[in-house]
Amino acid sequence: MLHVIARGLALLGGTVLVAMIVLTSVSIIGRALIFAGLGPVPGDFELMEMGCAFAVFAFLPWCQLRRGHVTVDIVMGRFGRRANRLINAFSSLLMTGAAVIVALQLFKGAADKASYGETTWILQLPLWWGYAGALLGAVMLIPVSAYTIWRDLHDRGPAA
């Protein structure tokens, strides 16, 4: 189930990222054609900030499941299989702790922005929306990272 949800979240993040590319392209073209009565998309940078924050955090659970984070293979290759499993499990434990801390901070940030009713400058979108979008991926990273501790200790590779 974790694989299905993490993969779906990553695909959604990719879709949002493509939408942000289209938004930026349209806005740049609008700026270039301002003489023809067109112009930039209002609030494009506000939408980019929220969309990219969501996309980055949406990719993290899938990346963790696939062991996609950067590792120092030149050092790891010198150790045996058992040592590598323990190092991977310890790394997954650290990632789980980091995910909990990041999720808590995003939750606090969203609650703070919501309590004060802060909005973006141009579009007047509630700022907590961006935090909530990122929080979705951060919260999903917690059980995924916890699962990878078990997977690493039991010498299971990432699923396809």
Residue count for the stretch 104-145, restricted to those that are more than 23 Å from Leu47 (Cβ to Cβ) and crowded, with 18+ Cβ neighbours inside 10 Å
4
Sort out which residues of the stretch 1-51 are outside any helix (DSSP H, G or I) and among the aliphatic types (A, V, I, L, M), and write them in order of number.
Met1, Leu33, Leu38, Val41
Would it be correct to say that Thr71 is in a helix (DSSP H, G or I) and either in contact (Cβ under 8 Å) with a residue 24 or more places away in the chain or open to solvent by 30 Å² or more (accessible area, probe 1.4 Å) (or both)?
no
Given the structure, is Thr96 among the polar types (S, T, N, Q), more than 20 Å from Ala138 (Cα to Cα) and out of contact with any Phe, Trp or Tyr (no Cβ under 7 Å at 6 or more places or on another chain)?
no
Could you grab the pairs with beta carbons closer than 7 Å, sequence gap of 6+ or different chains, first residue in the stretch 123-139 and on the phi > 0 side of the Ramachandran plot, second one modelled with pLDDT under 95 and open to solvent by less than 40 Å² (accessible area, probe 1.4 Å)?
none
Looking at the stretch 113-129, which of its residues are hydroxyl-bearing (Ser, Thr, Tyr), out of contact with any helix residue (DSSP H, G or I) (no Cβ under 8 Å at 6 or more places or on another chain) and under 17 Å from Gly51 (Cα atoms)?
Thr119
Mind listing whichever residues of the stretch 1-32 are free of Cβ contacts under 8 Å to residues at least 12 places away in the same chain and open to solvent by less than 60 Å² (accessible area, probe 1.4 Å)?
Gly8, Ser25, Gly30
Would you check if there is a residue in the stretch 79-94 being under 20 Å from the mean Cα position of the chain (by Cα), within 26 Å of Thr15 (Cα to Cα) and in contact (Cβ under 8 Å) with a residue 12 or more places away in the chain?
no
Does any residue in the stretch 99-118 that is in contact (Cβ under 8 Å) with a residue 40 or more places away in the chain come within less than 9 Å, Cβ to Cβ, of a residue that is open to solvent by less than 70 Å² (accessible area, probe 1.4 Å) and not in a helix (DSSP H, G or I) six or more places away or on a different chain, and which pairs are these?
none
From Leu38, Leu23, grab the single residue that is under 24 Å from Thr120 (Cβ atoms), in contact with a helix residue (DSSP H, G or I) (Cβ under 8 Å, 6 or more places away or on another chain) and at pLDDT 95 or above.
Leu23
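The values are calculated or read from the model by the stated rules, or taken from the named source; none is laboratory data. These figures come from a predicted structure and were not determined experimentally. Methodologically, a virtual Cβ is constructed for each residue, glycine included, from the backbone with ideal geometry; neighbour enumeration extends over all protein chains shown. In case anyone asks, the SASA skips ligands and DNA or RNA and just uses the protein heavy atoms, side chains included. Shrake-Rupley method; radii C 1.70, N 1.55, O 1.52, S 1.80 Å.
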